[in-house]
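Okay, structure first, notes after.
Derivation of every value follows stated rules applied to the coordinates shown; laboratory data play no part. This is a predicted model, so every value here is computed, not measured. Because the Cβ atoms are built from the backbone with ideal geometry, glycine has one as well, and the counts that use them run over all protein chains shown.
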Amino acid sequence: MKKWLSVIILAMLVFSLAACGQKNDKASDQKKETKKTTEVFKIGAIPDQNAADLEKGMTAVAKYLSEKTGMKVEFVPSVDYAALVTGFQRGEINMAWFGGLTSVQARNLVPDADSFAQRPRDAEFHSVFITQTGSGINTLKDLKGKSFTFGSESSTSGHLMPRYFLSEAGINPNTDFDGKPNFSGSHDTTYKLVESGAFKAGALNEAVWQVAVKEGKVDTNKVKVFYTTPAFFDYNWTMNSNVDDVFGKGATKKVEDAILSITTDQKDITDFFQTDKFVETKNDNYQKIEKVAKELKIIK
Amino acid sequence: MSRLVSSFRLHNRFMLTLLLAAIFIWSLFSIKWNADLFHAGGIPTMLQIFEGLFHPDFSPDILMKGLEAAWITLAYAVAGMSLAILYAFVVGILASGTLTSSRVARLSSKIFFRGVLGFTRSIHELIWAWIFVAAVGLSPYAAIFALAIPYGGILGRIFADMLNDVPIEPIKALKSTGASKLQTLIYGYLPLVWADLISYTMYRFECSIRSSAIMSFVGLGGLGYQIQLSLADLKYDQVWTYVFFLIVLVLLVDVWSNSVRKVLTERKRRRGLSPGWGSSLFAILLIIGSWVFITSGDKANLLELLSDKNLEYAKKFFGGLVGVNEKHPAFLVTSEWSSALKLTLETLEMSIMAIGFATIAAFITVIPAARNMANGSLTSVKKWYNWPLFGIVRIIYIFSRAVPELVWAMMIIFIFKPGLLPGAIALALHNFGILGKLWAEVIEDMDPRPIRNLASAGASKIQILFYGILPTVLPRFLTYILYRWEVIMRTTIVVGFVGAGGLGIEFKLAMSYFQYTEITLLLLCYMILVIIADFASESTRKAVK
């Protein structure tokens with residue numbers, strides 16, 4: 001027994017060493033290859049809605065970009081908002097579809113990153129507050145003592161701005177609700193949780209809500225909108241500062257132009273983003289978001 | 001005076017039980033018990049979740065996804081465990097002090113390496129995973145290292161304990177023949193502990209499957225990732241499909257590890273060629289398969305882990321944790337400490353509530369779950385319903401422990417309002433199955449004669465429980481309760497991730513907002529809790545002895 005066990009351990013050691021050796025060879029091979037062929041341009045998006053839809057829409061963007069720019073473009077899904085921001089910081093994501101808050105976070109971590117494009121609607125974005133019909137909630141003040149759910153904690157339209165407008169209305173989300181507020185993680189989950197009755201009310205992205213109503217994903221006999229926030233800047237495409245270094249001079253410009261020249265001919269894309277085009281935006285547009293985030297101590 | 005002391009000793013266990021019960025009741029006061037604990041819509045949501053349980057989604061593409069995810073989960077667990085064994089082997093030997101000769105060197109090496117083992121196992125694997133992901137990015141190695149470190153810590157400690165507990169005579173005999181330290185280790189110590197070491201490693205392997213599933217919550221693929229995605233889309237039927245995959249995986253490993261343990265214990269009696277060959281061949285194939293799969297995958301570039309870029313990010317990250325360039329690091333601000341300590345207390349209450357619930361649930365179910373109770377050998381009374389009852393309770397146990405706490409928490413959070421209670425219930429749901437299984441084994445191992453005596457004297461089941469079984473098994477039950485409580489303490493932060501109260505939710509928020517010094521503060525609080533738990537359970541165990 002002693003013998004065969006020693007043999008096993010030895011074998012294990014040898015094999016794991018062998019595995020390591022293999023790996024190293026492969027690693028250097030890969031490196032050589034990537035030098036020869038082109039690096040993959042990786043795009044990401046905050047996972048703020050149904051994962052399958054997101055995958056479909058963003059893969060369409062990746063396909064369009066690679067046709068237009070000749071680069072190899074790939075969509076990389078993320079588990080949560082923070083993971084995407086981290087990936088962007090590490091330069092593993094070259095361009096991302098961020099929300100207002102996540103773009104501010106990302107630019108804090110990558111100072112030379114550039115929020116360059118948005119949908120026309122993102123200049124005047126709104127959040128909607130929803131509740132069950134017959135809940136008796138008609139204004140923000142009525143939310144006192146009711147259970148409430150936000151979307152992801154890193155979401156602009158699902159958390160940051162709703163929280164801001166709640167506190168403007170004199171509601172402290174940490175103490176005034178029935179229990180602590182919930183973070184559902186995504187806009188789609190928020191309306192589903194309110195529809196099922198799990199929470200009395202919630203706040204979400206107006207665009208996601210409109211799609212849900214249009215496609216019959218939510219039962220409007222059960223859930224209604226009782227408050228729409230004033231306008232704020234939200235979603236945008238943000239380009240990483242490493243793109244020209246990795247893909248050669250002019251790569252940034254090429255991709256930016258490609259995004260800005262999307263028309264309804266790219267139906268998969270425009271349908272997914274519910275827009276007919278993308279327009280230019282600039283970093284300064286998100287100063288208000290940054291200010292609110294600082295006030296709410298989300299950014300220090 | 002001496003009479004007082006002896007009477008105290010007599011009542012020692014009783015007092016201790018009372019004390020523990022009182023602490024449990026105190027923890028219950030942290031919650032306002034009323035109907036408000038449920039969501040208004042909690043019940044319908046619960047029904048939907050249950051509906052998914054009975055109509056899981058078995059469509060081919062979901063099954064394929066499940067199969068792939070299960071393989072990833074298994075591969076990470078195997079690869080992580082193989083590293084853990086190496087780490088435990090080296091550090092465990094050093095921590096046992098068997099290689100050092102002078103007394104001072106032995107003591108210092110023991111203290112130092114035991115400290116290393118203690119530190120690595122006190123931090124939950126999910127937190128290691130998150131730290132690695134932040135430092136080296138989303139690479140499979142992040143998951144594997146995150147598994148290897150805490151499991152290596154646990155294995156290493158047990159290994160060191162085993163080496164220290166070997167009978168001294170064979171070692172002395174070897175030494176007197178002039179064997180060197182290394183020779184004594186290889187020919188003296190190691191052969192004596194092999195069997196126990198392997199059986200304990202197999203037991204831990206089963207746990208590592210669950211941990212590996214949880215690991216994927218940081219975005220590393222596998223069953224946990226799929227469960228999380230399906231839950232986010234509220235597709236409960238798919239959630240259950242993946243949960244079933246996890247249960248089957250855990251069961252298979254359970255069966256395998258049982259057979260290996262059986263072979264090992266039987267070999268002590270029986271000589272000759274053993275069926276252990278099959279198992280070890282299988283283990284080797286599994287390890288090779290896992291490593292090949294992982295190293296051939298995308299992003300699996302071990303060299304790149306140590307690239308300048310990663311070193312820079314790691315430096316930045318750890319610099320952030322210790323508050324470089326931060327004017328007011330959270331861990332130096334009194335008000336931050338006081339709010340964090342409040343959460344720490346809440347987390348402590350949550351863990352106590354959790355072990356309390358688990359104990360009650362296991363207590364109610366453990367009697368029918370013992371095999372010797374089911375076949376009537378313990379009480380010499382056979383009832384037709386014994387076996388079905390045994391089966392049902394055992395299935396519930398398997399179900400309860402196969403599903404990780406985090407997954408329970410993610411489901412329960414839909415039913416209860418965010419807070420301490422859902423966290424405690426999730427922890428209890430997972431641990432009651434483990435506790436029940438361990439307890440049932442204690443009952444199966446006990447001396448049946450006193451019980452038969454009681455039964456033949458006409459004692460009812462309840463009477464048998466209170467006068468026959470409990471007095472004999474209570475100390476061991478208590479040991480397991482305390483042991484599980486330590487584990488629960490480590491896991492509290494994890495269930496908090498999904499909004500189930502305590503330190504975890506703040507930890508998650510601090511991560512999302514990139515407030516690094518806040519994270520350090522919360523990690524410090526968490527370490528305080530783990531130390532308290534270790535100390536309290538160690539001293540209670542001594543008191544029971």
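Neighbour counts of other Cβ atoms within 10 Å put B:239, B:133, B:407 in the fewest-to-most order B:133, B:239, B:407. Inter-chain neighbour count for B:230-238: the average number of beta-carbon atoms from partner chains within 10 Å of each residue's beta-carbon is 4. Overall shape: oblate for region B:110-269, with the ratio a/c of the largest to smallest alpha carbon gyration tensor axis at 1.5 or above and b/c at least equal to a/b.
Around the amide H of residue A:78, modelled in the peptide plane, lie the amide H atoms of A:45, all under 5 Å away and 5 or more residues distant in sequence or on another chain. Among the listed pairs A:68/B:235; A:63/A:217; A:141/A:297; A:146/A:297; A:217/B:65, a Cα-Cα separation exceeding 32 Å is found for A:68/B:235.
Under the Kirkwood approximation for Rh and a Cα-based Rg, what ratio Rg/Rh is obtained for region A:111-217?
On the way: Rg = 14.3 Å, Rh = 14.3 Å.
So for region A:111-217, dividing Rg by the Kirkwood Rh gives 1.00.
With neighbour counts taken as other beta-carbon atoms within 10 Å, the residues A:199, B:497 rank, fewest first, as B:497, A:199.
Think of chain B as a dipole: +1 on every Lys or Arg Cβ, -1 on every Asp or Glu Cβ, centred on the Cα centre; then among B:422, B:236, B:288, B:288 lies furthest on the positive end. Seen from residue B:241, the other residues with C-beta closer than 14 Å to its C-beta sum to a net charge of -4, counting Lys and Arg as +1 and Asp and Glu as -1.
All other residues whose Cβ lies under 13 angstrom from that of residue A:244 are scored, Lys and Arg at +1 and Asp and Glu at -1, for a net of -2.
When a/c is below 1.5 the answer is rounded, else prolate if a/b is larger than b/c, else oblate, so apply that to region B:106-171 with a ≥ b ≥ c taken from the square roots of the Cα gyration tensor eigenvalues.
prolate
Using a simple charge model, +1 on the beta-carbon of Lys and Arg, -1 on the beta-carbon of Asp and Glu, nothing else, what dipole does chain B show about its Cα centre, in debye to the nearest 20?
Details: 47 positive and 33 negative charges, 485 e Å.
In debye, rounded to 20, chain B gives about 2340.
For chain A, set up a GNM with springs between Cα atoms under 10 Å and report which of A:71, A:95, A:161 has the largest fluctuation. For chain A, modelled as a Gaussian network with Cα springs under 10 Å, the answer is A:71.
Evaluate Rg over Rh across region B:335-544, taking Cα atoms for both radii and Kirkwood's formula for Rh. Intermediate results must be reported in sequence, preceding the final value.
On the way: Rg = 20.0 Å, Rh = 18.5 Å.
My calculation puts Rg/Rh at 1.08.
What do you get when you divide the Cα radius of gyration of the protein assembly as shown by 2.2 N^0.38 Å, with N the number of residues? Please list the in-between numbers first.
Details: Rg = 28.9 Å, N = 845, 2.2 N^0.38 = 28.5 Å.
Relative to the rule-of-thumb radius for its length, the protein assembly as shown sits at 1.02.
Within region B:352-439, the ratio Rg/Rh, alpha carbon atoms throughout and Rh by Kirkwood, equals 1.08.
With respect to chain A, whose longest principal axis is taken over its alpha-carbon atoms, helix A:51-69 is tilted by about 60°.
For the protein assembly as shown, the residue among A:298, B:491, A:100 whose Cα projects farthest onto the positive side of the dipole built from Cβ charges is B:491. A cut-off under 10 angstrom between Cβ atoms defines the neighbours of residue B:206, and their net charge, with Lys, Arg +1 and Asp, Glu -1, is +2.
The HN-Hα couplings worked out from phi for region B:326-341 by the Karplus form 6.51 cos²θ - 1.76 cosθ + 1.60 (θ = phi - 60°) are 10, 5, 10, x, 4, 7, 10, 9, 4, 5, 5, 4, 5, 6, 5, 5 Hz, whole numbers, x standing for Gly and Pro.
Assigning unit charges at the beta carbon (Lys, Arg +1; Asp, Glu -1) and nothing else, what dipole magnitude in debye, to the nearest 20, does the protein assembly as shown show about its Cα centre? Charge dipole of the protein assembly as shown: 3900 debye, to the nearest 20. Each 20 Å bin, from zero up to the one with the longest distance, holds this percent of the alpha carbon pairs of chain B: 18, 53, 26, 2. With everything on Cα atoms, drop me the angle between helix A:2-36 and the longest principal axis of chain A, reported from 0 to 90° to the nearest 10. With both axes taken from Cα atoms, the answer is about 80 degrees. Taking the charge dipole of the protein assembly as shown about its Cα centre, with +1 at Lys and Arg Cβ atoms and -1 at Asp and Glu Cβ atoms, the residue from A:186, B:221, B:199 reaching farthest to the positive side is B:199. Taking other Cβ atoms within 10 Å as a rough exposure proxy, B:121, B:401 sort from fewest to most as B:121, B:401. Taking a ≥ b ≥ c as the square roots of the Cα gyration tensor eigenvalues, region B:412-519 comes out prolate, since a/c reaches at least 1.5 and a/b is larger than b/c. Charging the Cβ of each Asp and Glu at -1 and of each Lys and Arg at +1, and nothing else, the dipole of region A:106-216 about its Cα centre rounds to 280 debye.
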